[in-house]
């Protein structure tokens, strides 16, 4: 499959705004025609000022020029507004396209790209298109028209004098072409450098409490200074290249004008050219050389834009899986099976996270996943949720291979409650209603779910009730309150399979008791998979799966496993069992 042209990729963005751009081009044509007529009118004035005795002709000429200039001002204003506003529309459109492409990317994409980097791409990288794609292109097109019209006028005035420009104009255009290739590569490096700066800043802002707690402000400043120093060196080198181009173009322009003056003076002395014609020729020559320089400058800017936005179009044009929201209806009873599943994370292909995992869970059964950190517990949860696909083996729901079922349909029957619940900065209502994507959720539905999660009472104590803003990551709520909102969200989803990622481990005793009541309500009649470390949670499971370095080491009930004193489960539970003995007694 051939790669799309980077030039056509950018130009296609103009298609939806063709009508506006045509109106802008019409206004531009008016301004170009008036600009090209001005030197000729000046030539006529200079050559006839000594011949006219009646000043009435001058008054008439002045009125005509005034009217023409007024038309030019109106056309220039309309042209600027149309192209500038269209630029903002294009930027908004491409930003939406990029956001849609990013939000549909698989989880492995986010394993490779930092959130701060993506935010920078979504803002700074897209903004580059504004100036180049509309105003810059319009200015260069106007310059091209001026260039062609100016050359035609120069030929009508003095073809001999035009020979002075034959060398200078191609040299200016060639200079722009050569430097443009370098600009494209340099621009991509500059955007990568800016993205790295955004990544470092986002990391420290997101963990600002930790930074202050460990007095690491100096380290944060040092890391950001290092990132910005690299970005600065790239920007300075690019500026040096651009300065050389501007200086070389300027030298060629003034050299061409100097040569024109020298040769024109000789033609006037020979009577082959009038003073007015020489004046008009110089003005046209200035227009043409300036337009040639602007065209070369735009080409450099265009190549910089292509280089700076390569990443954007790579993401937009990349083939990715259909959005999860497009899935069909799936009916699940809650049976789940892993069939000899082998899996490695995309970023660590040489280290297997799961090694031939094989187990089955019946509908309504509660399973606890136990093991040391890195044993594979969270990996199993990620595979169930469809964040990744097994390298080999299969996962089945109700005996049907997950690969043969729509992912969105499977996920509509799943819910997860995490140890640290993921909450958005909006209202409590919005966070609970987030459980349902396919339709609007009513306040009564949210209240019913909150009541089952033992959250309704504390929500009503807030002055704004369900409209209370929870803050970034739910910072305005306590740990127990956040957990109960997450449980209410899961209840509203009404899943067949529930994943609990140590949902009470970070809570105090009073909060844990309230959350546990809510979890008991949530687990009723559902297949439940608990990622657990605490004895009080594990002992309630119908069956326990013990994982060791990606393998299934043991499985059975608590009583069966604790009786195997040489087994891994007994060693994992030894200290917790010692603490639990007084309670058991």
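Quick look at the values:
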read-out: Candidates 236, 288, 253 - the one that is at pLDDT 70 or above, part of a helix (DSSP H, G or I) and touching a helix residue (DSSP H, G or I) at 6+ places or on another chain (Cβ under 9 Å); value: 288
read-out: Options 126, 91, 115; residue that is surrounded by 18 or more Cβ atoms within 10 Å (Cβ to Cβ), touching a helix residue (DSSP H, G or I) at 6+ places or on another chain (Cβ under 9 Å) and at pLDDT below 80; value: 126
read-out: In segment 521-550, the residues that are at pLDDT 85 or above and over 23 Å from residue 335 (Cβ atoms); value: 548, 549, 550
read-out: Any chance residue 259 is under 29 Å from residue 299 (Cα atoms), in contact with a helix residue (DSSP H, G or I) (Cβ under 8 Å, 6 or more places away or on another chain) and either surrounded by 14 or more Cβ atoms within 10 Å (Cβ to Cβ) or in contact (Cβ under 8 Å) with a residue 12 or more places away in the chain (or both); value: yes
read-out: Any chance residue 310 is modelled with pLDDT under 80 and surrounded by 12 or more Cβ atoms within 10 Å (Cβ to Cβ); value: yes
read-out: Filter pass, residue 408 being closer than 22 Å to residue 524 by Cβ and assigned to a helix (DSSP H, G or I); value: no
read-out: Residue within segment 453-468 that is crowded, with 17+ Cβ neighbours inside 10 Å, more than 33 Å from the chain's Cα centre (by Cα) and within 28 Å of residue 397 (Cα to Cα) present; value: yes
read-out: Residue, surrounded by the fewest Cβ atoms within 10 Å (Cβ to Cβ), within segment 433-452, restricted to residues that are touching a residue at least 24 places away in the same chain (Cβ under 8 Å) and not in a helix (DSSP H, G or I); value: 438
read-out: For residue 47: the one exception among (1) modelled with pLDDT under 85; (2) in a helix (DSSP H, G or I); (3) under 30 Å from the mean Cα position of the chain (by Cα); value: (3)
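The values are calculated or read from the model by the stated rules, or taken from the named source; none is laboratory data. If you're wondering where the values come from, they're calculated on a predicted model, not measured in any experiment. Note: ideal-geometry Cβ built from the backbone for every residue, glycine included; neighbour counts use all protein chains shown.
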